[in-house]
1. Which condition number in (1) within 13 Å of chain B (Cβ to nearest Cβ); (2) touching a helix residue (DSSP H, G or I) at 6+ places or on another chain (Cβ under 9 Å) is the one that A:Glu71 fails?
2. Hey, can you tell me all the residues within region B:26-56 that are more than 12 Å from DNA strand C (Cβ to nearest atom), within 14 Å of chain A (Cβ to nearest Cβ) and outside any loop (DSSP other than H, G, I, E, B)?
3. Got at least one residue in region B:8-18 being crowded, with 18+ Cβ neighbours inside 10 Å, more than 19 Å from A:Leu76 (Cβ to Cβ) and either in contact (Cβ under 8 Å) with a residue 24 or more places away in the chain or away from DNA strand D (no atom under 13 Å from the Cβ) (or both)?
4. From the residues in region A:57-74 that are touching a residue at least 40 places away in the same chain (Cβ under 8 Å) and among the hydroxyl-bearing types (Ser, Thr, Tyr), which one is nearest to DNA strand C (Cβ to nearest atom)?
5. From (1) modelled with pLDDT under 95; (2) in contact with a strand residue (DSSP E or B) (Cβ under 9 Å, 6 or more places away or on another chain); (3) not basic (Lys, Arg), pick out the condition that doesn't hold for A:Ala57.
6. Can you say whether B:Gly35 is modelled with pLDDT under 95 and more than 12 Å from DNA strand D (Cβ to nearest atom), as far as the supplied structure shows?
Number of protein chains: 2
Amino acid sequence: MEMVLQALAAPRRREILRFLRRRERSAGEIHRALGGVTFGAVSQHLAVLEHAGLVSARREGRSRFYATRDEGLRPLREWLDEMWSDALDRLKDAAEAEEAGAPRPRVVRKNRRSKP
Amino acid sequence: MEMVLQALAAPRRREILRFLRRRERSAGEIHRALGGVTFGAVSQHLAVLEHAGLVSARREGRSRFYATRDEGLRPLREWLDEMWSDALDRLKDAAEAEEAGAPRPRVVRKNRRSKP
DNA sequence: ACAATAGTTTAGTAATGACTAAATTAATGA
DNA sequence: TCATTAATTTAGTCATTACTAAACTATTGT
């Protein structure tokens, strides 16, 4: 998932994925849709997305058609779910601590020995 | 979510989040847990995570305690869900097209006029 | 074979980012 | 007040990266 997050971190590449949402598109279409960026740059972005497993490519004549690969997002999805379950665990722990006596046992107080 | 993805793209920061999974920790604890990286570097990573809304900080005496902020991951979660629903839409479209006659209408064939 | 079209690859540049060491701020304790 | 502990901030370095322009590769039509 290292590569997945790395790939998604660039706004341009998310823009490309967004453009590929509905259907596959040729590199040229993608280039035209983005605007303000070179064909070369687009090609590089597509290579990054492909290596990360986020898009697949298909050759047709002179064109190359790119489409999103849905399984590509799975590692990220799993990581997020893991984080989410941890959040639930924390809530549960907090609830149990609450029940166990002390009103807000969140902070361990330090013992102050001296007093002016 | 720009900042969220940017923050998550660095392995060190995911390592920190992972360490904060169960309970809050002081900056020093985090530094010791990571190992092989300066206190300064850790502090910088924590600042990035805090700006991205992924952790919250609390002062106690000389220590500063950091904890994961679960709402911080929500933008990413929503983005992922959006992508996922698009994937479902694609499947649906494909199924409908399948039903509508042509066996695999995914690709529009070009008309070849000449023949050798 | 040649020209045109569609895309990739390369070389180079400017900006960003992760890191370290050292200076700095903040709170406590003597 | 001064020393100590805990953490942040700053200045500078090295690597990565997003980009452009230009060279290159591949496919098709004539």
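The values are calculated or read from the model by the stated rules, or taken from the named source; none is laboratory data. Note that the coordinates shown come from a computational prediction; the quantities given were computed from them, not determined experimentally. All Cβ positions, even for glycine, are placed from backbone atoms using ideal geometry, and neighbour counts span all protein chains on display.
1. (2)
2. Result: B:Ser26, B:Glu29, B:Val55, B:Ser56.
3. No.
4. The first filter runs over region A:57-74 and keeps only residues touching a residue at least 40 places away in the same chain (Cβ under 8 Å), leaving A:65-68, A:72-73.
Okay, now just the ones that are also among the hydroxyl-bearing types (Ser, Thr, Tyr), so A:66, A:68.
Working: A:Tyr66: 8, A:Thr68: 15 Å.
Here the residue is A:Tyr66.
5. Result: A:Ala57 passes all but (1).
6. On the way: modelled with pLDDT under 95: yes; more than 12 Å from DNA strand D (Cβ to nearest atom): yes.
Yes; evaluated as a whole, the condition is true for this residue.
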